[in-house]
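Below is one structure, written out as structure tokens, with a few remarks after it.
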Amino acid sequence: MDREKRAMDKNKIKAFADHVVGDMGSAMGAGLAYVGTKVGLFRAMAGGGPVTPEVLATKTGLQKRYVTEWLKGMVCAKYLDYDPETQTYELPDEHAYLVASEGTDHYVGGLFYSVPMMLGMAPRVADAFIHGGGVPFSDYGSEGVLAIDLMNRGLYEKRFANYWLTTCPAIHERLIAGGHVLDFGCGSGRVSIALAKDFPKSSFIGIDTDSASIAAAKETALQENLTKQVRFECGTTEVLPTDECYDLITICDCIHDLSDPLGILTTLRPLLTKGGILFIIEPKAADKLEDNIHSVGAMYYGMSVFHCMTQSLASGGPGLGTCMGPASMEALTREAGFGHFEILDIKSQTNIFYAVSL
Ligand SMILES: C[S@@+](CC[C@H](N)C(=O)[O-])C[C@H]1O[C@@H](n2cnc3c(N)ncnc32)[C@H](O)[C@@H]1O
């Protein structure tokens, strides 16, 4: 044992120990950021300049002892600035831009929401390592639906019609003139709701197996007065209208989640109109592990184990995982009978976009 220890590089042990403690700090920082998002602390601090715990607790109506400890933790996690002389805390504008910007395409609160909803399942995920199976999507509950909604909503509202779809100009034109769109695995319906506003002459149908997501989607359509233009159905391919074809089928952040990705893509292929496209959005990952060794890769493989892969395996699916990469996607779509596969030239740190057609 001693000989083994002597043979080891002590600096490497020390560096890794630092790394482990740093990871624990990051995990705790993400948890504190979830609380700050959920109870409105970031929102209350945004644009407000330096503040004492007393003033912040009074302003938010929260417990002063908790607020004080949270502020200290968020300073150590480098989310907040601290002035020791005045003992005040400040959320820099550049940080507020990300953490207190609900509804924008730069809001990161959905990521924080995903932390407890995913890690709360860690004991069940560990159990699945031993016994197989997984955790069904519905078991992640309303916070699961909300986290995905918050992660994607701002992007869909601000970028889908105005940027992403402009890379497919013929389809963009068709939707302006009035086309038919299917959003498969629509979740809380934000793609259809956003596109319906930008393309008022087009009609939309969203389909998803999760009843809580569909209920949320229907509620939003009602609130936005879009029920004539947008409809939502709970189920999978069996609830597709038998007499409709689509100029655009979107599958966003979803193919890797499916219980039967090949069967579903094969069923959807004949539903495209001539010249229509299947527009796929997936988490951005490279084909080879060695090209995913960075913070986004670490985040996505964690999300895969704690959510994406696991809920697919729970439904008897292949559990493709969050990082399936373009080569796997191309192989899958070609196996489903699509003839054309293209990676779209869309800039994004976190997503990759494909246009697939007959
Ligand atoms: C990560 S969520 C993405 C939701 C939405 N597309 C978005 O981008 O916000 C994946 C969705 O796929 C849905 N899903 C999984 N398997 C499905 C299936 N076989 N048919 C339809 N929807 C499915 C889940 O219920 C979930 O809402």
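Bear in mind these aren't lab numbers, they're just calculated from the coordinates by the rules spelled out. Quick caveat, the model's predicted, so the values are computed rather than measured. Here the Cβ positions follow ideal geometry from the backbone for every residue, glycine too, while neighbour counts run over all protein chains shown.
What to note about this one:
- Dimensionless Rg ratio for the chain, taking C-alpha atoms and the 2.2 N^0.38 Å reference: 1.10
- Two-site FRET efficiency, A46 against D243, from Cβ-Cβ distance with R₀ of 56 Å, rounded to 0.05: 0.65
- Segment 166-237 - Rg (one decimal) and Dmax (whole number), Cα, Å: 11.9, 35
- Pairs of Cα atoms nearer than 8 Å and 6+ residues apart set the relative contact order; for segment 101-217 it is 26 percent.
- Mean sequence separation of contacting Cα pairs (under 8 Å, at least six apart), scaled by the length of the chain, corresponds to a relative contact order of 12 percent.
- Equivalent ellipsoid dimensions for segment 98-217 as semi-axes, Å, which come from the Cα gyration tensor, largest first: 31, 17, 12
- Value of relative contact order over segment 19-159, rounded to a whole percent, pairs C-alpha under 8 Å and six or more apart: 25
- Label sites at I130 and L289, each approximated as a point 7 angstrom past Cα along Cα to Cβ, lie 2.5 nm apart.
- Here's the picture: charge each Lys and Arg Cβ at +1 and each Asp and Glu Cβ at -1 in the chain, and of G187, G25, Y107 the one pushed furthest to the positive end of that dipole is G25.
- Summing charges over neighbours of Q229, with a neighbour being any other residue whose Cβ is under 12 Å away from its Cβ, gives +2 when K and R count +1 and D and E count -1.
- Under 14 Å, Cβ to Cβ, from E102 - net charge with Lys/Arg +1 and Asp/Glu -1: +2
- Förster-model FRET efficiency, 56 Å R0, I13 and E224, C-beta, rounded to 0.05: 0.50
- Projected onto their three principal axes, the Cα atoms of segment 2-99 cover extents of 60, 29, 27 Å, largest first.
- Inter-site label distance for I343 and K38 at 7 Å from Cα along Cβ, in nm: 3.8
- Added length on full extension, which subtracts the Cα-Cα distance from 0.36 nm per residue, L358 to N162: 68.1 nm
- Binned Cα-Cα distances of segment 274-341, short to long, each 5 Å bin given as a whole percent: 4, 15, 22, 22, 18, 11, 5, 2, 0
- The distance linking segment 45-72 with segment 219-283 is 45 Å (Cα centroid to Cα centroid, whole angstrom).
- Most mobile of G302, G22, G189 in a GNM of the chain (Cα contacts under 10 Å): G22
- Helical mean residue ellipticity (222 nm; -39500 (n - 2.57) per DSSP H run of 4+; nearest 500) of the chain: -14000 deg cm²/dmol
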